[in-house]
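Have a look at the structure below, then the notes.
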Amino acid sequence: MLMVMMLICEFPNNFFFLRGNHDDIKGQFRKYARESDMVQLWCERRFGKDFLNAFAEFENALPLMVRGNNFIASHSATLEPLNKGRLSEKDYATYYHLAWSDNRYFSNSMHGRELFDDQMEHLEAKDCVWVIGHRPTEKELFRPQFGDKLIQLNRPDKFVAAYIKPNQFDINKQIFFLKEK
């Protein structure tokens, strides 16, 4: 995280680290409640309560979503209707919805497409591609949905990157493997 902090300071307009489900040092991960307690205790004993609180403040300051000219990106997608106001408030419910959804509720079914289109309208992003991660994409480099409007990146066995140019996002040319792990 020190490298992330340095990159944020060095390139504040060009580098963004989106808060995800593992960025909740003082939270109670539903799935990993015991591990969450262990991490908090270890950090507090090793670095002190002030460090733990400062690190939690850093995590709370991380954006939940970013928007460029032609894309939006978040850790995961959400069924919960979100808008700019909820995103700027960054309450725990909004964080939870953008960090923990399983990303599989969007299917190419008519109902899933309606939910997706409605969400994009709430976000005022109808002309954007939404890039997400969180759940693995299995064997593919990425998993496109809804005519390439929702793109999921997450190959735990590889380093996958998306290079998004202003006003241009060609998923077949701008998503690639950086290297094998």
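The values are calculated or read from the model by the stated rules, or taken from the named source; none is laboratory data. Treat the numbers as computed from the prediction; the structure is a model and nothing was measured. We place every Cβ from the backbone using ideal geometry, glycine too, and count neighbours over all the protein chains shown. Accessible surface areas use protein heavy atoms only, side chains included; no ligands, DNA or RNA. Shrake-Rupley method; radii C 1.70, N 1.55, O 1.52, S 1.80 Å.
Some notes on this structure:
- Just one residue in the set Leu82, Leu115 is part of a loop (DSSP other than H, G, I, E, B) and either over 13 Å from the mean Cα position of the chain (by Cα) or modelled with pLDDT of 85 or more (or both); that residue is Leu82.
- Looking across the range 129-151, not a single residue is surrounded by fewer than 16 Cβ atoms within 10 Å (Cβ to Cβ) and of a type in the set (Ser, Thr, Tyr).
- Contacts under 7 angstrom Cβ, first residue in the range 98-116 being among the small types (Gly, Ala, Ser) and open to solvent by less than 60 Å² (accessible area, probe 1.4 Å), partner assigned to a loop (DSSP other than H, G, I, E, B) and at pLDDT below 65, 6 or more apart: Gly112/Tyr105; Gly112/Phe106
- Qualifying positions in the range 136-168 - more than 22 Å from Gly112 (Cα to Cα) and within 18 Å of the chain's Cα centre (by Cα): Leu141, Arg155, Pro156, Lys158, Phe159, Val160, Ala161, Ala162, Tyr163, Ile164
- Within the range 63-91, being of a type in the set (Gly, Ala, Ser) and crowded, with 17+ Cβ neighbours inside 10 Å holds for Ala73, Ser74, Ser76, Ala77.
- Residue check, Glu10 at pLDDT 90 or above, of a type in the set (Asp, Glu) and surrounded by 11 or more Cβ atoms within 10 Å (Cβ to Cβ): no
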